[in-house]
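A.B. asks: One structure coming up, written as structure tokens, with questions to follow.
The values are calculated or read from the model by the stated rules, or taken from the named source; none is laboratory data. Here the structure is a predicted model, which is why all the values come from computation and not from measurement. Every residue, glycine as well, gets a Cβ built from its backbone with ideal geometry; the counts of neighbours run over all protein chains shown. These accessible areas exclude ligands, DNA and RNA; they are computed on the full protein's heavy atoms, side chains included. Shrake-Rupley method; radii C 1.70, N 1.55, O 1.52, S 1.80 Å.
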Amino acid sequence: MRAKTVADQLVRQLQDAGVQRIYGIVGDSLNPVVDAVRRSGGAAKGGIDWIHVRHEEAAAFAAAAEAQVTGKLAVCAGSCGPGNLHLINGLYDADRSGAPVLAIAAQIPSEQIGLGFFQETHPDRLFVECSRYAELIGSPAQAPRVTASAIAHATALSGVAVITLPGDIADRPAEGKAPSVPHTGVPAIVPDQADVQALADAVNGAGKVAIFAGEGVREAREELLSLADAIGAPIGHTLRGKEWIQYDNPFDVGMTGLLGYGAAHDGMHGADLLLLVGTDFPYNQFLPDGVRTAQIDWAAQRIGRRTNVDLAVHGDVASTLRALAPLIRRKDDRRFLDDMLEKHRTLMNKVVGAYTKPAKQRIPIHPEYAASILDDLAAEDAIFTTDTGMSNVWTARYLTPNGSRRFLSSALHGSMANALPQAIGAQVCAPGRQVVSVSGDGGLSMLLGELVTVAMYRLPVKIVVFNNSTLGMVKLEMLVDGLPDFGVDVAPVDYSAVASALGIFARRIEDPADIESGLRQAFDHDGPALVDLVTDPLALSLPPTITGGQVTGFALALSKMVMNGGVGEAVKMAKSNVRNVPRPSQFDPRG
């Protein structure tokens, strides 16, 4: 049946692309599209559902989460002006995360564009930086081709595409036939053989080789483990690489960076050759300067932009490692690997694991202890979404991947408030899986209205709030810069009471002895649940290797606290972080 309006045609094209829902808020210029969604009959009848969120930023985060969980196109929408402007933060995160998302940015009446009309903005300009494709639809005849192009760009380039659609054009009669969007498999990017040979020569000639793996090893797990076994190489990983390479990995030495733990840093700095495999790790200060480095990446433009690279291999990781394998000579000397594994075990037992036993009786709750219990009780195939900040630290260090669990965060964009809306998108598209939002109180409060969305749809999301009444990561940033923390603390809020008022099952936990029972009750509850964990606001996290400058910064900041009458807070902070206090052997004096 021929589409009656441009909006109908748009909805039909989305249906043909496999889209089942649109996240957004209705309003004015978007109304023709929303009504076309209504007339589609909903996903249960082969149409499209409208998911009504409370803030368009949440719509973009939810769509991005759906796209990452399913690997398929997801859609969000915003009305003209302020409505679609709210999308931009979530779209930045989606595009940087490689999530195929189509955003519909409704526009003012077409005849008013350029005349300073009410709510006038120019989304086709504004969204250019956070998308792979952004175009204005100026006529009904143009609409189906631009929509098809947007779908193709989002899916083929794994990123964001934005169509700007004036409301009056959306309501006009459809013209022309919508072109079909071809679907292809994922091609292999096979490296140049000379580059592979050069890499093999470097690996064979190096006494100690270390591997640092990122999200790009997702489809090459077995090939990477085989390489590590052949050359006796410890494997460190990034936050985004954690879920793909950490589990069942006898060569794992943890993670480096701001959230890091274990011996990854030492392994990378102690090697003769460092292999950067499928990672665009942004923190160059954690990468070694004096170690020969090779990098494998399917995107050639990324090679060498973080650190100097001696050997560059342009190819996808799986194709490259398969080509490399027959050229590698097995290394019998395993001393470097064994040393790093032993160091990693020691660090995990004495540092990362230190809080999980003595903290059982400590009030306020140590977040490390709570995270370890969460890891034990969560489902084997749980989807975790994590707020940026200290929640990300506890997730990175204490939640364990197993090949079935998924971990979503704002790892590249670093936005606050991402966890709950991502959990909404993940739960809507995966109704049979346990979805856990690991929320900080700062992130939860920023998009607190999405609790209403969870309650309205009765989504069985489990929201675990690490509630320390402070912006912990910002506090830490201030301290390492030698500044006393300021402006980071807020008045305590009982988020369990807020959730209960919305009809959400909720528990507030202040005693560590109650954590396990509280989490079990939430996980067993048939519907949405929130557990409000009141955690120690002075429990901070340090990177695995501390520079002399950071140690100086801490000392200076604590001195300033004491001088300003805050001796009590300084003492409490020292007690809360006694296991994180740097010792001379733990920091690099060159920092």
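A.B. asks: Checking Asp375 against (1) touching a Phe, Trp or Tyr at 6+ places or on another chain (Cβ under 9 Å); (2) modelled with pLDDT of 95 or more; (3) open to solvent by 30 Å² or more (accessible area, probe 1.4 Å), only one condition comes out false. Which one?
C.D. replies: Exception for Asp375: condition (3).
A.B. asks: Return only the number of the condition from (1) touching a Gly at 6+ places or on another chain (Cβ under 9 Å); (2) closer than 18 Å to Ala539 by Cα that Pro460 does not satisfy.
C.D. replies: Pro460 satisfies every listed condition except (2).
A.B. asks: For Leu444, indicate whether it is at pLDDT 95 or above and in a helix (DSSP H, G or I).
C.D. replies: yes
A.B. asks: Here's a follow-up. Between residues in the range 317-333 that are under 14 Å from Val196 (Cα atoms) and residues that are open to solvent by 30 Å² or more (accessible area, probe 1.4 Å) and hydroxyl-bearing (Ser, Thr, Tyr), which pairs lie under 8 Å by C-beta distance while being six or more apart or on different chains?
C.D. replies: Listed by first residue and then by second, the contacts come to Leu321/Ser226; Ala325/Ser226.
A.B. asks: Here's a follow-up. Please enumerate the residues belonging to the range 74-87 that are open to solvent by less than 40 Å² (accessible area, probe 1.4 Å) and either farther than 27 Å from Pro282 by Cα or assigned to a strand (DSSP E or B) (or both).
C.D. replies: Hits for the range 74-87 are Ala74, Val75, Cys76, Ala77, Gly78, Ser79, Cys80, Gly81, Gly83, Asn84.
A.B. asks: Go through (1) within 17 Å of Ser319 (Cβ to Cβ); (2) in contact with a Leu (Cβ under 6 Å, 6 or more places away or on another chain); (3) open to solvent by less than 10 Å² (accessible area, probe 1.4 Å) for Gly214 and report which single condition fails.
C.D. replies: The number of the failed condition is (2).
A.B. asks: Does Met478 qualify as being closer than 30 Å to Ala430 by Cβ and modelled with pLDDT under 85?
C.D. replies: No, not satisfied.
A.B. asks: May I pose another question? Please indicate, with yes or no, whether at least one residue in the range 181-200 is open to solvent by 40 Å² or more (accessible area, probe 1.4 Å), assigned to a loop (DSSP other than H, G, I, E, B) and of a type in the set (Gly, Ala, Ser).
C.D. replies: The answer is yes; a qualifying residue exists.
A.B. asks: To continue, here is another question. Take Gly232 and decide whether it is on the phi > 0 side of the Ramachandran plot and more than 27 Å from the chain's Cα centre (by Cα).
C.D. replies: Judged against the criteria, Gly232 is a match.
A.B. asks: Of everything in the range 271-316 that's among the β-branched types (Val, Ile, Thr) and surrounded by 21 or more Cβ atoms within 10 Å (Cβ to Cβ), which residue is farthest from Leu341 (Cα to Cα)?
C.D. replies: Checked the range 271-316; the qualifying residue farthest from Leu341 (Cα to Cα) is Val313.
A.B. asks: Is there a residue in the range 513-521 that is in contact with a strand residue (DSSP E or B) (Cβ under 8 Å, 6 or more places away or on another chain), in contact (Cβ under 8 Å) with a residue 24 or more places away in the chain and either among the charged types (D, E, K, R) or open to solvent by 10 Å² or more (accessible area, probe 1.4 Å) (or both)?
C.D. replies: Within the range 513-521 (the criterion being in contact with a strand residue (DSSP E or B) (Cβ under 8 Å, 6 or more places away or on another chain), in contact (Cβ under 8 Å) with a residue 24 or more places away in the chain and either among the charged types (D, E, K, R) or open to solvent by 10 Å² or more (accessible area, probe 1.4 Å) (or both)), the answer is no, since none of the residues qualifies.
A.B. asks: Is it the case that the range 343-361 has a residue that's modelled with pLDDT of 90 or more, assigned to a strand (DSSP E or B), open to solvent by 20 Å² or more (accessible area, probe 1.4 Å) and of a type outside the set (Asp, Glu)?
C.D. replies: No, because not a single residue in the range 343-361 is modelled with pLDDT of 90 or more, assigned to a strand (DSSP E or B), open to solvent by 20 Å² or more (accessible area, probe 1.4 Å) and of a type outside the set (Asp, Glu).
A.B. asks: Can you go through Pro460, Pro537, Pro492 and tell me which one is open to solvent by 10 Å² or more (accessible area, probe 1.4 Å) and within 22 Å of the chain's Cα centre (by Cα)?
C.D. replies: Pro460
A.B. asks: Can you name the number of the only condition in (1) surrounded by fewer than 19 Cβ atoms within 10 Å (Cβ to Cβ); (2) over 22 Å from Asp536 (Cα atoms); (3) out of contact with any Lys or Arg (no Cβ under 8 Å at 6 or more places or on another chain); (4) among the β-branched types (Val, Ile, Thr) that Val452 fails?
C.D. replies: (3)
A.B. asks: So which residues in the range 147-168 are in contact with a helix residue (DSSP H, G or I) (Cβ under 6 Å, 6 or more places away or on another chain), buried (at least 24 other Cβ atoms within 10 Å of the Cβ) and part of a helix (DSSP H, G or I), if there are any at all?
C.D. replies: Answer for the range 147-168, where residues must be in contact with a helix residue (DSSP H, G or I) (Cβ under 6 Å, 6 or more places away or on another chain), buried (at least 24 other Cβ atoms within 10 Å of the Cβ) and part of a helix (DSSP H, G or I): just Thr147.
A.B. asks: What's the total number of residues in the range 99-134 that are within 21 Å of Asp171 (Cα to Cα) and part of a loop (DSSP other than H, G, I, E, B)?
C.D. replies: Final tally of qualifying residues: 10.
A.B. asks: Pick from Ser410, Ser415: which is surrounded by fewer than 24 Cβ atoms within 10 Å (Cβ to Cβ) and touching a residue at least 12 places away in the same chain (Cβ under 8 Å)?
C.D. replies: The unique qualifying residue is Ser415.
For every residue, the table says whether it meets (1) at pLDDT 95 or above; (2) touching a strand residue (DSSP E or B) at 6+ places or on another chain (Cβ under 9 Å).
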residue: Ala152; (1), (2): yes, yes
residue: Leu165; (1), (2): yes, yes
residue: Gly176; (1), (2): no, no
residue: Pro179; (1), (2): no, no
residue: His183; (1), (2): no, no
residue: Val190; (1), (2): yes, no
residue: Ala200; (1), (2): yes, no
residue: Ala213; (1), (2): yes, yes
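A.B. asks: Follow-up question, since we're still on this one. Could you list, in sequence order, the residues of the range 19-45 that are more than 21 Å from Ser139 (Cβ to Cβ) and either open to solvent by 50 Å² or more (accessible area, probe 1.4 Å) or assigned to a helix (DSSP H, G or I) (or both)?
C.D. replies: Answer for the range 19-45, where residues must be more than 21 Å from Ser139 (Cβ to Cβ) and either open to solvent by 50 Å² or more (accessible area, probe 1.4 Å) or assigned to a helix (DSSP H, G or I) (or both): Gln20, Val26, Val34, Val37, Arg38, Arg39, Ala43, Ala44, Lys45.
A.B. asks: Considering only the range 271-314, state which residues are in contact with a helix residue (DSSP H, G or I) (Cβ under 8 Å, 6 or more places away or on another chain) and either small (Gly, Ala, Ser) or in a helix (DSSP H, G or I) (or both).
C.D. replies: Answer for the range 271-314, where residues must be in contact with a helix residue (DSSP H, G or I) (Cβ under 8 Å, 6 or more places away or on another chain) and either small (Gly, Ala, Ser) or in a helix (DSSP H, G or I) (or both): Ala271, Gly278, Phe286, Ala294, Ala312.
A.B. asks: Also, quick follow-up: Please work out which residue is surrounded by the most Cβ atoms within 10 Å (Cβ to Cβ), limiting yourself to the range 247-266 and to residues that are assigned to a loop (DSSP other than H, G, I, E, B) and at pLDDT 95 or above.
C.D. replies: The qualifying residue surrounded by the most Cβ atoms within 10 Å (Cβ to Cβ) is Phe251.
A.B. asks: Return the total of residues in the range 296-340 being in contact with a Lys or Arg (Cβ under 7 Å, 6 or more places away or on another chain) and over 20 Å from Lys208 (Cβ atoms).
C.D. replies: 0
A.B. asks: In the range 88-98, is there at least one residue being within 20 Å of Arg38 (Cα to Cα) and either outside any loop (DSSP other than H, G, I, E, B) or among the hydroxyl-bearing types (Ser, Thr, Tyr) (or both)?
C.D. replies: No, the conditions are met nowhere in the range 88-98.
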